[in-house]
Amino acid sequence: MSENWTRRDMLKSMGLASLGLSVTQLNAENFIKKQYYFNYDGDLPKPERKITAIIAGAGNRGNVYGNYALKHPDELDIVGVAEPIEIRRQRYAEKHEIPADKVFYTWEQLFEIPKFADAVIITTPDKLHYGPAMKALSMGYDLLLEKPIAQSWQQCKDILDLATENNRIVAVCHVLRYSPYYRKVKETIDSGVLGEIVSVQHMEPIQHEHMSHSYVRGNWRREEDNVPILLAKSCHDLDIMRWWLGKSCEYVSSFGSLKWFKEQNAPKGAPLRCTDGCPAEKECPYSALKIYYRNRTYLHHFDLPDDKNLWDEAIMKNLEEGPYGRCVYHCDNDVPDHQVVSMQFEDEITANFNMEAFTEYYGRRTRIMGTMGDLVGDETDLYIHNFRTGEVTQWNVHENADISSGHGGGDYGLARDFLHAVSKQDSSLLTSTLAASMESHLIGFKAEESRHTKKIVQVDIRKV
Ligand SMILES: NC(=O)c1ccc[n+]([C@@H]2O[C@H](COP(=O)([O-])OP(=O)(O)OC[C@H]3O[C@@H](n4cnc5c(N)ncnc54)[C@H](O)[C@@H]3O)[C@@H](O)[C@H]2O)c1
């Protein structure tokens, strides 16, 4: 308890001042109801029976949902896997004790045998969402579908039509909707304390090393293999803004480009790989030797041996031969490293979104302006300023939730809600249904149209 008060005092003196807020009263607990999720995902409703699921794609995300099954064996049993990379397939099959006849190389193969589980969890790369989603729905599986839904608006519509026709449950992994922090923002808006919402400013700081890992060297560096980065990285943000406001976006405009990570910005004499004796290696913030070898960060796509004593050699081999050792100025990347999106929502609400590679920090920054109050947040602390009373309420995520999974607890929150919805065969128990996720994807596709045509574009889900 005393620890909490110390922290609050510190925030009072430092945090609010840095956010430019005046403190009239901190923790007006009767305004924003305090609640503590002792075990955040554990406190959400459990499925009524154990759900069986097959994993298509045993990479990073496939393991996130797989680990949920290991943590909650009474709720989820992984009974099949499809994965082309041998070490991943083997590890996954062993971890979940999957019999050999339910272990497949590709998603196509797993659908060659009759339906053998309640659901398919689609965690394949972006360009392999449409195929398995359509096939799984046609065979009567429910779906936990990683974002983005698919690569084009037409494909998204096909999936929605088939899910509706076959009456299947599809949850899109817009995980932020399930985290305590984002739910608190939504609850604050819905409580009316801010009055009518007038405008929103929201920024996603990708963080510069993370940008280099995923969007310069890594899997999401090329648009044609994935989706535009606005959808690959920031469909969460478009979705969360649409969800908070509960209103439709009417018009969108967007600008952005790949400014920095290209050949002409390479330091003099930089070779194609950081391992080839780069003269700028020591001071380069994007040095692969620094990020992966010395700091041992962003290793989740490396398939390292279980024995950590072998890591030095394995990491170095990856850097010498694989995509992550390449100089960030000599990659085949084409996705923007900065993009802005301006939106006009119903009821004259304006919203602005920034996707930024060049930050030292993570944690989405949000400011929501209403007629009776404003909200400022950074994914950890929320400050709600009530114009009527002059009170400021502070809500800190660590003081209010015990978070045990990624995306601020959203990963396991989503998994639990999906399983609950499947067990009751009731998609209304989900917030991130396919239908609900479609409109935010449409904003993304239309923003890209605007960026390419340099025109303001109308967003009207009834007309597409
Ligand atoms: N919800 C989120 O916040 C979030 C976060 C990260 C990634 N994602 C999305 O999740 C998906 C997976 O991302 P990841 O980070 O796990 O990538 P990953 O590369 O770690 O995993 C994808 C796996 O799919 C496998 N695969 C490739 N072709 C296949 C095929 N034909 N059949 C079966 N499996 C195949 C790959 O070998 C790989 O192991 C992507 O669509 C990504 O955009 C979502």
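Could you give me the ³J(HN,Hα) list for the range 184-194, computed from phi with Karplus coefficients 6.51, -1.76, 1.60 and θ = phi - 60°, whole Hz, x at Gly and Pro?
Per-residue couplings from phi come out as 5, 4, 4, 4, 5, 4, 5, 5, x, 4, 8 Hz.
Could the peptides 177-190, 377-390 be put in order, highest first, of the mean number of other beta-carbon atoms found within 10 Å of their residues?
Taking the mean over residues of other Cβ atoms within 10 Å, the ranking is 177-190, 377-390.
Using the crude model of +1 on Lys and Arg Cβ and -1 on Asp and Glu Cβ, and no other charge, please compute the dipole size for the chain relative to its Cα centre, in debye to 20. Walk me through the numbers on the way to the answer.
Values: 54 positive and 67 negative charges, 99 e Å.
Dipole size: approximately 480 debye.
In percent, what relative contact order does the chain have, based on Cα pairs under 8 Å that are 6 or more apart in sequence?
This gives 24 percent for the chain.
Using only the alpha carbon atoms of the range 40-175, find the Kirkwood hydrodynamic radius as the inverse mean reciprocal pair distance, in angstroms to one decimal.
This gives a value of 15.0 Å.
Rounded to the nearest 20 debye, what is the charge dipole size of the range 180-326 about its Cα centre when +1 sits on each Lys and Arg Cβ and -1 on each Asp and Glu Cβ? Spell out each step's value before the answer.
Working: 20 positive and 22 negative charges, 68 e Å.
Dipole size: approximately 320 debye.
Return the subset of K262/K308; K135/K233; K46/K95 for which the Cα-Cα distance in this structure is over 32 Å, preserving the input order. Numbers along the way, then the final one.
Working: K262/K308 34 Å; K135/K233 26 Å; K46/K95 23 Å.
Listed pairs above 32 Å: K262/K308.
For a protection proxy built on the mean count of beta-carbon atoms within 10 angstrom, sort 98-105, 228-235, 86-93, 60-67 highest first, please. Let's see the in-between values first.
Working: 98-105: 14.6, 228-235: 24.2, 86-93: 16.6, 60-67: 19.6.
Result, highest mean first: 228-235, 60-67, 86-93, 98-105.
List the relative contact order of the range 40-175 as a percent without decimals, with contacts defined as Cα pairs under 8 Å and 6+ residues apart. The partial results should precede the final answer.
On the way: 235 pairs, mean separation 28.7, N = 136.
RCO, the range 40-175: 21 percent.
Placing +1 on the Cβ of each Lys and Arg and -1 on the Cβ of each Asp and Glu in the chain, which of V457, N226, P114 has its Cα farthest towards the positive end of the resulting dipole?
About the Cα centre, the residue reaching furthest to the positive side is V457.
With +1 on the Cβ of every Lys and Arg and -1 on the Cβ of every Asp and Glu, and nothing else charged, how large is the dipole of the range 40-175 about its Cα centre, in debye rounded to the nearest 20?
Numbers: 16 positive and 20 negative charges, 41 e Å.
Here the range 40-175 has a charge dipole of around 200 debye.
Mind listing the Cα extents of the range 126-274 along all three principal axes, in Å, largest one first?
Rounded to whole Å, the extents work out to 57, 47, 30 Å.
Using Stokes-Einstein with the Kirkwood hydrodynamic radius over Cα pairs, what translational diffusion coefficient do you get for the chain at 20 °C and a viscosity of 1.002 mPa s, in µm²/s rounded to a whole number?
Taking Rh from Cα pairs, D becomes 91 µm²/s.
Within a Cβ distance under 11 Å of P73, other residues only, what is the Lys/Arg minus Asp/Glu net charge? Don't skip to the answer; put the middle values down first.
Working: positive: K50, K71; negative: D74, E75, D77, E97.
With Lys, Arg at +1 and Asp, Glu at -1, the net is -2.
With no solvent and one point per C-alpha, what does the Debye sum give as log10 I(q)/I(0) for the range 263-325 at q = 0.26, 0.28 Å⁻¹?
The calculated log intensity ratios at q = 0.26, 0.28 Å⁻¹ are -1.13, -1.26.
So what are the radius of gyration and Dmax for the Cα set of the range 337-380, in Å?
12.6, 36
Rolling a 1.4 Å sphere over the protein heavy atoms, what is the accessible area per residue of the chain, to the nearest Å²? Show your work: numbers first, answer last.
Details: 19960 Å² over 464 residues.
Accessible area per residue: 43 Å².
For Cα pairs less than 8 Å apart in space and 6+ apart in sequence, what is the mean separation divided by the residue count of the range 148-305, i.e. the relative contact order in percent? Numbers along the way, then the final one.
Details: 73 pairs, mean separation 32.3, N = 158.
Result for the range 148-305 is 20 percent.
Give the peptides 201-208, 313-320, 212-219 in descending order of average Cβ contacts within 10 Å, highest first. Let's see the in-between values first.
Numbers: 201-208: 19.5, 313-320: 16.4, 212-219: 23.5.
In descending order of packing, they fall as 212-219, 201-208, 313-320.
Percent of accessible area on the chain owned by carbon and sulfur, 1.4 Å probe?
Working: 10010 of 19960 Å².
The nonpolar share, carbon plus sulfur, comes to 50 percent.
How many percent of all Cα-Cα pairs in the range 344-464 sit more than 21 Å apart?
On the way: 4545 of 7260 pairs.
Value for the range 344-464: 63 percent of Cα pairs lie more than 21 Å apart.
The values are calculated or read from the model by the stated rules, or taken from the named source; none is laboratory data. As the structure is a prediction and not an experimental result, all values here were calculated from the model. We place every Cβ from the backbone using ideal geometry, glycine too, and count neighbours over all the protein chains shown. For accessibility, only protein heavy atoms count, side chains too; no ligands or nucleic acids. Shrake-Rupley method; radii C 1.70, N 1.55, O 1.52, S 1.80 Å.
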